[in-house]
Amino acid sequence: MTKLTKRNIETIQPTDRDFCVWDDDMPGLGLRVLPSGRKQFIVQYRAGRRSRRITLGPTTIITPEQARARAMAILSEARNGQDPAADKEAYRKALMVSELAERFDEEHIALRLKASTAREYRRNLERFILPALGRLRVVDVTRADIAKFHHDLRRIPYQANRCLEIISKMFNLAEMWGLRPDGSNPRRHIPKYPEQKRERFLSTAELKRLGEVLRELDDEGLESKSAILAARLLIYTGCRLNEIMKLKWEYVDLEGRALHLPDTKTGARVVHLGEAAVALLEQATAIPGNPWVITGKLEGQRLSDLQPFWQRARARAGLHDVRIHDLRHTFASTAIAAGHSLPIIGKLLGHTQVQTTARYAHLAAQPAMIAAESITETLDRALRN
């Protein structure tokens, strides 16, 4: 044993096999000398019944004083019951965010999400999240990393917020899987960008014009009968697009005036049908061998995309800003104007959360406001005469 000073280290000569020289001032601090002449500072300690050794670095990079300071910190951790070598090995083997994403896909996305949602999750991971964060270790990702990622997507705030939700779920699972400490989700306390919910409702005049266009297209025979049927069913039922596009005849109960949908965004649900919707389905022709209500051009297949038809129909009706989903909003606004309660409307739309339907609550005040205005105007005229 000798004191490991710069001068003493320079005098130590290599042999045909490696050996260690231990410091006489700090038990556990040593110098490993390789046959090549390379010299490395090491620290050795006991963790339980095991002897552990950590390489601190070569003498060409760190000084004896630096090695002594690092060794002191490691030996102090060991005396407190920690195992720095095991921690270092665990860190070396720690999963990268790209590997976490693979497990996230296998154990969450593929098993728990609907196909359309799963596709969106994977698209956001591949296009945005993994290029920015994929090469980081899961244990190293900080709130600052996520905040910067979110800020970099500020020009597409809606997409940035959806990515933030995916990151939050993925790192919650990382905690559950023991890959990060509890309560360390780096997404916490990062506010989302404000989102303006676009609520476009067709007026009575606009609905009339749309109805005229659908009749014209039907008479001309240039557009798919199935596409026209889909548009009308969306108006009459308030269903989501996929609920109509994936509607099978086996789900249709004309006697009970209902659609029994086995799998929607909010699970299985019953869609009650009004007389006009029932009449549409009674007039529709089922094609032998094709289970779909909204059939496509290929034998036995459904119509896969309503957007091209809708773009042409709305342009002809002069409704250039009306989206297909706005037909669902129109159904809800019509129900509100008719005086139906939010719980009933929520049931008709297939909402599971009251707050989802509550976005239409402000419309409920409009009929009352119109009535109040009419009454006030009558009273005002009487007072002035």
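Worth pointing out:
- Largest-first principal axis extents, alpha carbons of the range 6-92, Å: 36, 24, 23
- Paramagnetic label zone (point 7 Å from Cα along Cα-to-C-beta, L222; backbone N under 17 Å) in the range 303-325: 308-319
- Taking a straight line from the alpha carbon of K246, these aspartates and glutamates sit under 12 Å away, with near neighbours fewer than eight places off in the same chain left out: D263, D305.
- R0 of 41 Å, Cβ-Cβ distance E77-E165: FRET efficiency to nearest 0.05: 0.60
- Isotropically averaged projected area of the range 81-231, using the convex hull of Cα atoms (one quarter of hull area), nm²: 13.5
- Going from the residue with the fewest nearby Cβ atoms within 10 Å to the one with the most, F19, F171, F309 rank F19, F309, F171.
- Hydrophobic, long helices, defined as DSSP H runs whose alpha-carbon span along the helix axis is 20 Å or greater and whose mean Kyte-Doolittle value is at least -0.5, occur in the chain at 64-79, 157-176, 361-384.
- In the frame of its principal axes, the chain has Cα extents of 110, 69, 37 Å, reported largest first.
- Cα→Cβ-extended label distance, 7 Å offset, between E282 and H340, nm: 2.1
- Mean projection area, nm², convex hull over Cα of the range 97-176: 4.9
- Residues Y360, Y158, ranked from the fewest to the most other C-beta atoms within 10 Å, line up as Y158, Y360.
- Rough spin-label spacing in nm, given labels placed 7 Å along Cα→Cβ, for A132 and T356: 2.8
- Packing-based exposure ordering (other Cβ within 10 Å, fewest first) of D25, D253: D25, D253
- Orientation-averaged projection of the range 181-339 equals 13.9 nm² [convex hull of Cα atoms, one quarter of hull surface area].
- With distances taken between every two different alpha-carbon atoms, the range 243-328 has a Kirkwood hydrodynamic radius of 14.5 Å.
- The magnitude of the dipole of the range 21-63, with charges of +1 and -1 set on the Cβ of Lys/Arg and Asp/Glu and taken from the Cα centre, is near 360 debye.
Computed from the coordinates by the stated procedures, all read-outs in this text should not be read as laboratory data. Since the structure is predicted, the reported quantities are computational estimates derived from the model, not experimental observations. Heads up, the Cβs are rebuilt from the backbone with ideal geometry, glycines too, and the neighbour counts pull from every protein chain shown.
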